[in-house]
1. For the stretch 246-324, report the accessible area per residue in Å² (1.4 Å probe, heavy atoms, rounded to an integer).
2. Show E183, E56, E385, E70 ordered by accessible area, largest first, where the area counts protein heavy atoms only and the probe is 1.4 Å.
3. What net charge is computed for the residues neighbouring M1, neighbours being all others with C-beta under 13 Å from the C-beta of M1, Lys and Arg scored +1, Asp and Glu -1?
4. Between G400, G80, G30, find the one with the highest GNM mean-square fluctuation for the chain; connect C-alpha pairs within less than 10 Å.
5. Between L371 and K122, what FRET efficiency follows from the Cβ-Cβ distance if R0 is 56 Å, with the result rounded to 0.05?
6. With the cut-off at 1.5 for a/c, could you classify the chain from its C-alpha gyration tensor as rounded, prolate or oblate?
7. Identify all lysines with a Cα-Cα distance to K270 below 18 Å; exclude those on the same chain that are fewer than 8 residues away in sequence.
8. So how exposed is C12, as accessible area in Å² (1.4 Å probe, rounded to 10)?
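The values are calculated or read from the model by the stated rules, or taken from the named source; none is laboratory data. Computed from a prediction, not measured in an experiment: that's the story for all the values here. Using ideal geometry, Cβ is built from the backbone for each residue, glycine included, and neighbour counts are taken over all protein chains shown. SASA here: full protein model, heavy atoms, side chains in, ligands and nucleic acids out. Shrake-Rupley method; radii C 1.70, N 1.55, O 1.52, S 1.80 Å.
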Amino acid sequence: MNKKIGFISLGCAKNLTDTETMLGILSEDGFVITADAKEADVIVVNTCAFIDSAKEESIGAILEMAAYKEDKCELLVVTGCLAQRYCEDIRSELPEVDIILGTTDYARIAEVIKNFYQNHEKIVFVGDENTPVDYNLPRVQSTPVYTAYLKIADGCDNFCTYCIIPKLRGKFRSRPVQSILDEAKSLASDGVKELILVAQDTACYGKDIGTNLAALLSMLSEIDGIEWIRLQYCYPENITQELIDEIQTNNKVVKYLDMPIQHISDNVLKKMGRRSRGNQVRELIDNLRSRINGLVIRTSLIVGFPGENEEDFKELEAFLREYKLDRVGMFTYSKEEGTPAFSYDGQIDEDVKLDRMNTLMTAQKDISFSLNQNRIGTCTTAIIEGYDESEFCYVGRCSGDTPDVDGNVYVYSEEELSPGEIVEVEIIDCTEYDLVCKTTSNS
């Protein structure tokens with residue numbers, strides 16, 4: 001079937017890997033992939049439903065794509081977390097949607113599209129969120145050729161009281177080691193230099209299959225062509241000394257750790273259902289920094305959780321100013337139906353949440369600028385991603401930056417550089433979040 005397929009992929013990198021798998025399935029089945037929705041016969045929206053803003057973005061994208069049905073588009077498909085969580089609402093309130101696929105049903109994408117064209121019947125497949133995932137499926141990489149996300153597990157067993165993900169993605173299920181290694185080797189043979197490992201809780205990897213993340217990192221580092229391995233979504237409760245040692249000693253694992261802590265107050269952490277407490281988080285950060293030279297730590301924080309009082313917030317602000325974390329994503333608490341926290345007493349007004357978040361963002365902006373200023377005159381490695389015609393320099397990321405999340409580096413070089421090239425650079429200037437660099441004589 002030579003129908004043209006257009007994709008909208010929303011949400012996290014884990015969702016993006018599902019999109020890339022659907023692209024692979026459809027391409028192998030003879031469908032034509034197009035980046036222009038105006039040209040698509042079929043449009044697929046792979047949705048997110050983690051918090052209110054994500055749901056709003058997903059619904060907005062569905063409605064925007066539905067408008068194309070007045071022209072060329074013949075079929076609108078909705079997949080992913082919003083489909084899993086609200087399939088009946090989508091079916092009743094968005095009649096423009098023809099096919100709905102849940103979080104474990106995306107492998108049927110080609111089958112259901114062909115069935116629609118044959119029988120002209122609307123289709124809903126939203127199965128059990130714990131259904132095993134088939135990892136032996138084709139994939140079309142949508143990221144630049146030199147970097148790729150590699151999903152190593154599905155689901156989550158943490159059951160934080162604010163989070164709906166276990167109900168959408170099921171229990172934690174580690175991907176078999178050989179399956180991961182096979183895909184990593186395939187990606188490397190296609191030119192990938194940077195692997196970004198993702199899961200709902202990446203540090204949990206292997207607990208259900210008799211291995212662990214440290215062992216996996218060791219095996220991945222032996223693959224020819226892979227130069228950087230990056231860790232995302234490592235919850236502090238599952239960061240072991242063995243993992244810390246592996247990050248420290250493995251030259252291919254970049255000294256970067258994405259570690260969501262969400263808060264530091266014991267009062268709030270307990271209500272959130274987190275297993276760590278404030279002092280444990282502090283001790284872990286101290287341990288990480290003492291063992292891993294130059295480690296960049298990214299975290300995420302939630303302000304305005306039910307019952308968060310002024311003392312809790314002040315403790316969080318003081319922690320942020322004392323520990324000076326390199327990268328911090330901040331969110332106001334989103335009241336999600338179906339979670340325990342939805343019915344908690346002590347819900348906080350939106351304006352208070354925003355005031356608290358703005359206070360932390362202002363503090364973190366100053367911290368980030370100070371940290372960057374302290375790096376001027378030092379050297380780091382950077383991966384080149386393009387050229388800025390207006391600034392007459394190359395644009396890329398240093399080893400402490402995740403694509404589309406963290407800052408950029410602007411690199412001046414007398415030698416011509418290519419996208420995907422990893423070079424040594426000296427930091428000569430900075431802004432709050434970006435670095436200005438020049439290539440060193442060793443590049």
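1. 41 Å²
2. E70, E56, E385, E183
3. So the environment of M1 carries a net charge of -2.
4. Fluctuation is largest for G30.
5. Plugging the Cβ-Cβ distance into 1/(1 + (r/R0)^6) gives 0.60.
6. Oblate is the answer for the chain, as a/c is 1.5 or above yet b/c matches or exceeds a/b.
7. K314, K335
8. About 50 Å², rounded to the nearest 10.
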